[in-house]
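Just so it is clear, none of the values below were taken in a lab; they were calculated from the coordinates. Computed from a prediction, not measured in an experiment: that's the story for all the values here. Neighbour counts are summed over all protein chains in view; Cβ atoms, including those assigned to glycine, are modelled from backbone coordinates with ideal geometry.
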Ligand code: 5AD
Ligand code: SF4
């Protein structure tokens with residue numbers, strides 16, 4: 001449910017927080033600095049832009065690093081190693097805090113939605129001033145005020161929400177591209193995945209709110225947007241007036257001045273013919289589909305609760321390539337799911353050979369407490385998982401190298417994203433299929449699309465040159 005009353009309330013808190021920040025910085029004789037560190041996915045990256053939007057409105061300025069006066073970790077919990085990184089860094093932060101009496105520390109994001117995590121922080125990391133979760137991030141200004149008003153740790157975690165609060169401040173990391181949330185949460189409960197427990201039930205934004213946001217982004221110089229959701233293919237099903245993702249794409253494609261549309265992530269079970277047609281028909285929609293496979297074994301896919309099998313997945317890939325021949329297909333694959341046999345793993349390798357992914361993120365299965373898979377017997381020994389993982393990675397990499405080589409010599413449109421970090425005479429951009437291209441150029445080219453000849457493929461990237469027609 002959309003809540004405009006709440007938006008107004010939060011702007012009142014922004015005014016109040018401004019006073020707190022002003023008086024603190026007067027006390028120390030300089031502006032207060034912030035550092036927001038983001039772990040995890042594009043959703044978290046977008047959430048961090050919302051945090052920064054509020055921080056800058058209330059008077060904080062960007063600090064160089066974690067020595068800032070206010071450090072926020074926006075956490076991820078999809079795999080165990082993401083959690084461990086946060087604990088490790090908190091150790092350092094508590095030392096910095098001893099040297100800086102005005103320093104504050106906040107933790108938010110998916111990891112904070114887990115009870116055991118919050119208990120551990122309460123017990124062992126007393127240096128933390130504020131903990132909040134994924135559902136109440138829109139209340140950040142209000143939480144900031146509470147933090148300034150209190151000397152003890154503030155914890156505000158909600159189990160779930162049906163609220164969507166629009167039109168709060170956002171500060172984009174990039175001037176020319178932006179993520180746009182189209183939905184929040186996930187209803188799929190894949191048996192290994194913690195996301196539905198920490199991001200709550202699926203909620204879609206109203207199409208007119210999404211369109212309005214993109215229109216104003218375009219007016220502000222954005223050329224490329226990435227529509228974000230855990231499962232964009234089920235967008236709009238729970239709206240009062242249901243809309244499909246394909247319909248939304250067609251609407252977004254009509255926005256004048258917008259140049260490129262990307263989206264993430266698609267679930268194979270909900271990938272409709274209608275959506276494939278929309279990708280083919282809409283000139284701004286990039287020819288790139290990220291279609292997580294997870295496993296090639298139909299037996300395991302069933303236990304993973306994925307609602308498709310190997311054959312259905314391969315059919316989808318055929319259909320995509322038939323209708324959009326130059327489409328790049330990328331994926332996520334998990335190795336070492338409980339009970340994964342050599343035969344199951346061979347099925348995954350078989351799908352990789354058949355699909356020939358442009359690139360693939362490969363993950364070692366990580367046991368997440370509270371998910372059905374964590375309680376499954378037959379967890380796979382580490383050495384077996386490692387061998388399978390290495391084998392898969394080698395195959396994935398050799399195929400992506402071959403695929404990348406196929407484009408060498410071609411001339412294709414490149415959206416310029418930034419000045420090259422290592423060599424200032426170069427700029428860096430991306431092809432429609434998301435591959436990186438470096439070419440001679442200047443910073444005024446950022447945000448524009450040029451026809452570039454891909455002179456040399458270097459594996460993960462190309463060296464190119466602008467072609468003048
Ligand atoms: N272990 C390993 N990888 C996981 N993913 C989700 N949960 C787990 C887990 N428990 C991967 C999936 C998903 C990607 C975002 O993270 O492949 O698509
Ligand atoms: Fe996790 Fe599955 Fe939802 Fe993706 S679709 S977030 S893998 S439960």
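At a glance:
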read-out: Calculated FRET value between residue 379 and residue 312, using beta carbons and R₀ = 25 Å, to 0.05; value: 0.35
read-out: Taking the range 418-469 and dividing mean pair separation by its residue count, relative contact order in percent (alpha carbons under 8 Å, at least six apart); value: 29
read-out: Relative contact order (percent, whole number), the chain, Cα cutoff 8 Å, 6+ residue spacing; value: 10
read-out: Residue order, fewest to most beta carbons within 10 Å, for 204, 359; value: 359, 204
read-out: By average C-beta atoms within 10 angstrom, highest first, the peptides 34-42, 294-302; value: 294-302, 34-42
read-out: Estimated inter-spin distance, residue 45 and residue 208, nm [label 7 Å along Cα→Cβ]; value: 3.1
read-out: Whole-number D in µm² s⁻¹ for the range 1-87, Kirkwood Cα-pair radius fed into Stokes-Einstein, 25 °C, 0.890 mPa s; value: 168
read-out: Euclidean distance between Cα centres, the range 316-358 to the range 193-246, Å; value: 26
read-out: Along each principal axis, Cα extent of the range 106-161, largest first, Å; value: 28, 26, 12
read-out: Computed [θ] at 222 nm, deg cm²/dmol, the chain (DSSP H ≥ 4; -39,500 (n - 2.57); rounded to nearest 500); value: -12000 deg cm²/dmol
read-out: Between the range 37-74 and the range 94-109, the Cα center-to-center distance that results, in Å; value: 14
read-out: Sequence of 148, 337 once ranked by neighbouring C-beta atoms within 10 Å, starting from the fewest; value: 148, 337
read-out: Convex hull per residue volume in Å³, alpha carbons only, for the chain; value: 158
